[in-house]
Amino acid sequence: MSKAQKNVLICIAIIIVLMLLFPPFTYRQMNQGYSFIFNPPYYGQANINIGQLIIQWFGVLIVGAIAWLIVKD
């Protein structure tokens with residue numbers, strides 16, 4: 001594995017961790033955007049939109065895999 005591929009993997013890991021720290025929230029079936037996981041909107045009454053978060057993770061993994069293959073020696 002080349003240094004460029006390692007950098008791509010590190011970037012993917014950082015992005016996924018940031019997505020976990022700032023997940024999408026919903027409140028009463030309305031999207032409320034993103035907020036820090038320990039400070040949810042509406043005083044903790046909003047829920048994390050798990051489906052949207054998983055779809056975003058898959059998107060990052062797909063784009064990351066393509067980038068990893070592009071920088072391959």
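Worth a mention:
- Residue 72 passes every criterion in (1) part of a loop (DSSP other than H, G, I, E, B); (2) open to solvent by less than 100 Å² (accessible area, probe 1.4 Å) apart from (2).
- For residue 8, the conditions (1) β-branched (Val, Ile, Thr); (2) open to solvent by 50 Å² or more (accessible area, probe 1.4 Å); (3) touching a residue at least 40 places away in the same chain (Cβ under 8 Å) all hold with the exception of (2).
Rundown of residues vs (1) in contact with a strand residue (DSSP E or B) (Cβ under 6 Å, 6 or more places away or on another chain); (2) over 29 Å from residue 71 (Cβ atoms), yes/no style:
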{"position": "9", "(1), (2)": "no, no"}
{"position": "21", "(1), (2)": "no, no"}
{"position": "26", "(1), (2)": "yes, yes"}
{"position": "31", "(1), (2)": "no, yes"}
{"position": "37", "(1), (2)": "no, yes"}
{"position": "42", "(1), (2)": "yes, yes"}
{"position": "46", "(1), (2)": "yes, yes"}
{"position": "56", "(1), (2)": "no, no"}
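- Scan of the stretch 51-73 for residues that are aliphatic (A, V, I, L, M) and in contact (Cβ under 8 Å) with a residue 12 or more places away in the chain, ordered by number: 53, 60, 61, 67, 71
- Looking only at the stretch 19-47, and only at residues there that are within 19 Å of the chain's Cα centre (by Cα) and open to solvent by 90 Å² or more (accessible area, probe 1.4 Å), the one that is nearest to residue 60 (Cα to Cα): 22
The values are calculated or read from the model by the stated rules, or taken from the named source; none is laboratory data. This structure is a prediction, so every number in the text was calculated from the model and none was measured. For neighbour counting, all protein chains shown are included, and Cβ atoms are generated from backbone atoms with ideal geometry for every residue, glycine included. Heads up: the accessible areas ignore ligands, DNA and RNA and are worked out on the full protein's heavy atoms, side chains in. Shrake-Rupley method; radii C 1.70, N 1.55, O 1.52, S 1.80 Å.
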